[in-house]
Structures are given as C-alpha cells and as structure tokens.
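The structure appears right after this line, and notes come after that.
The values are calculated or read from the model by the stated rules, or taken from the named source; none is laboratory data. Predicted, not measured: the structure shown is a model, and the values here were computed from it. Here the Cβ positions follow ideal geometry from the backbone for every residue, glycine too, while neighbour counts run over all protein chains shown.
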C-alpha cells in the first residue's frame with residue numbers, strides 16, 4: 001500500500017507504475033466513499049423522493065446536475081425538527097457547506113453526517129445487529145445480559161470497544177470506564193476518524 005498527500009499524486013503515481021510495470025504489477029486506486037451530509041430543519045413536505053429536484057430548482061446558483069445528490073432518509077431528533085441525510089460527491093459537498101440552502105420557504109443548513117455503525121446486540125462498531133454473530137453484550141458493563149437487566153453503578157461501566165482497542169494497542173491504552181452510549185469514547189472517536197479518512 002502506498003499513500004500520497006493528494007489525489008493528483010496518487011493518479012500520477014498509479015499511471016507511472018502502470019506504464020512501466022503494467023505486466024508485473026496491477027495498480028488499484030482505493031475508491032473513497034462519498035460524503036454524507038445532513039440538511040437540518042427541513043420542511044414537512046420535503047421527502048427523500050422529491051429532495052433532489054427541489055434542491056436543484058430552488059438553488060439554481062449551485063448548478064446541481066442530476067445524480068449529484070442522492071437522498072437517503074429523514075429522521076426526527078429530540079427537538080422535533082426534521083432532518084434529511086443525503087449522499088453527495090466532494091464538489092457538491094463544498095458547494096452545500098458554503099451556502100444557506102433554500103427548501104420551500106425554509107432556509108436550511110448542511111452539516112457533515114458522520115455516524116459509526118453500532119450493533120445493538122454485541123455493542124461493537126462497524127456492523128448492524130442483523131449481521132451480528134456474537135453473543136449479546138450489555139452496553140454499560142460488557143456483561144452477557146440486556147441493557148434493562150443491568151444493575152452496575154456508573155463507576156463500574158466498561159465499554160467493549162475500548163477494551164478491545166487496549167488489547168491491540170498496549171503501548172497506548174485508553175480509558176474504558178464508560179458505557180457504549182458515551183459519544184466521546186476514545187475508541188468511537190478512532191472509528192469516526194477512520195470513517196473520515198475513507199471519505200472523499
């Protein structure tokens with residue numbers, strides 16, 4: 001694996017290697033995932049089905065082309081507002097992050113949507129509970145029981161992902177005394193950083 005500081009360097013290096021050693025070596029440039037954004041506080045009538053067309057019509061200055069935006073899903077956070085998660089290419093992300101977006105009679109703001117997959121069964125990252133083959137693990141104490149059955153105090157919390165991290169990084173151990181619900185968990189921040197690195 002060869003890393004470079006820019007996309008242009010990677011392309012140049014890949015072409016040179018392919019040109020000189022194409023018979024012996026096969027060059028594959030890692031494809032980064034598209035960024036995901038969340039449009040905050042969208043109107044009720046905006047849905048994943050009509051979002052792309054509405055964005056293009058009401059924001060002509062963005063010069064959006066068909067396929068630049070793929071609407072994924074809407075969700076309602078605690079404040080009862082509606083948010084829309086979209087997938088875009090890197091150029092469209094830059095455009096949307098620099099402007100106030102018009103949707104109907106509402107002005108919306110875009111923000112990066114960076115969320116780690118978390119399994120509700122084993123409390124580990126990077127997969128869903130539907131794909132999980134591990135035994136159930138309490139998100140508060142790592143015991144083999146459901147969350148509602150847990151009786152430990154806050155000082156006895158342990159997070160499974162931080163315990164696993166410490167097994168593999170013994171020279172750089174991190175705090176494990178917190179639950180998997182802690183958004184500032186060191187191992188969760190590592191997962192989110194890797195997600196950012198693999199995003200265009």
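Taking the criterion of being loosely packed, with under 13 Cβ neighbours inside 10 Å and either more than 15 Å from residue 101 (Cβ to Cβ) or outside the structural domain of residue 96 (by TED's automatic domain parsing) (or both), the only residue of region 46-62 that qualifies is 49.
Against the criterion of being touching a residue at least 12 places away in the same chain (Cβ under 8 Å), farther than 18 Å from residue 76 by Cβ and exposed (fewer than 14 other Cβ atoms within 10 Å of the Cβ), residue 10 does not qualify. Residue 77 satisfies every condition listed in (1) touching a residue at least 24 places away in the same chain (Cβ under 8 Å); (2) in a loop (DSSP other than H, G, I, E, B); (3) touching a strand residue (DSSP E or B) at 6+ places or on another chain (Cβ under 8 Å); (4) surrounded by fewer than 12 Cβ atoms within 10 Å (Cβ to Cβ) except (1). Suppose the filter is closer than 29 Å to residue 5 by Cα and modelled with pLDDT under 90; does residue 165 pass it? For residue 165, the condition - closer than 29 Å to residue 5 by Cα and modelled with pLDDT under 90 - is met.
Here is a check on your reading of the model: is residue 179 surrounded by 13 or more Cβ atoms within 10 Å (Cβ to Cβ) and out of contact with any strand residue (DSSP E or B) (no Cβ under 7 Å at 6 or more places or on another chain)? It is true that residue 179 is surrounded by 13 or more Cβ atoms within 10 Å (Cβ to Cβ) and out of contact with any strand residue (DSSP E or B) (no Cβ under 7 Å at 6 or more places or on another chain).
Every residue, every condition in (1) closer than 28 Å to residue 193 by Cβ; (2) over 23 Å from the mean Cα position of the chain (by Cα); (3) surrounded by 13 or more Cβ atoms within 10 Å (Cβ to Cβ); (4) in contact (Cβ under 8 Å) with a residue 40 or more places away in the chain, yes or no:
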position	(1), (2), (3), (4)
85	yes, no, yes, yes
97	yes, no, yes, yes
113	yes, no, yes, yes
120	yes, no, yes, no
125	yes, no, yes, yes
141	yes, yes, yes, no
159	yes, no, yes, no
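Would it be correct to say that residue 91 is within 19 Å of residue 199 (Cβ to Cβ), at pLDDT 90 or above and not in a helix (DSSP H, G or I)? Considered against the rule, which asks whether it is within 19 Å of residue 199 (Cβ to Cβ), at pLDDT 90 or above and not in a helix (DSSP H, G or I), residue 91 comes out as no. Tell me, please, whether a residue that is assigned by TED's automatic domain parsing to the domain that holds residue 107, out of contact with any strand residue (DSSP E or B) (no Cβ under 6 Å at 6 or more places or on another chain), in contact (Cβ under 8 Å) with a residue 12 or more places away in the chain and over 18 Å from residue 109 (Cα atoms) can be found in region 63-70. Yes: region 63-70 contains one or more residues that are assigned by TED's automatic domain parsing to the domain that holds residue 107, out of contact with any strand residue (DSSP E or B) (no Cβ under 6 Å at 6 or more places or on another chain), in contact (Cβ under 8 Å) with a residue 12 or more places away in the chain and over 18 Å from residue 109 (Cα atoms). Would you call residue 127 over 20 Å from residue 176 (Cα atoms) and either assigned to a helix (DSSP H, G or I) or out of contact with any helix residue (DSSP H, G or I) (no Cβ under 7 Å at 6 or more places or on another chain) (or both)? Yes, satisfied.
Scanning region 1-51 for residues that are in a helix (DSSP H, G or I) and out of contact with any strand residue (DSSP E or B) (no Cβ under 9 Å at 6 or more places or on another chain) yields a total of 15.
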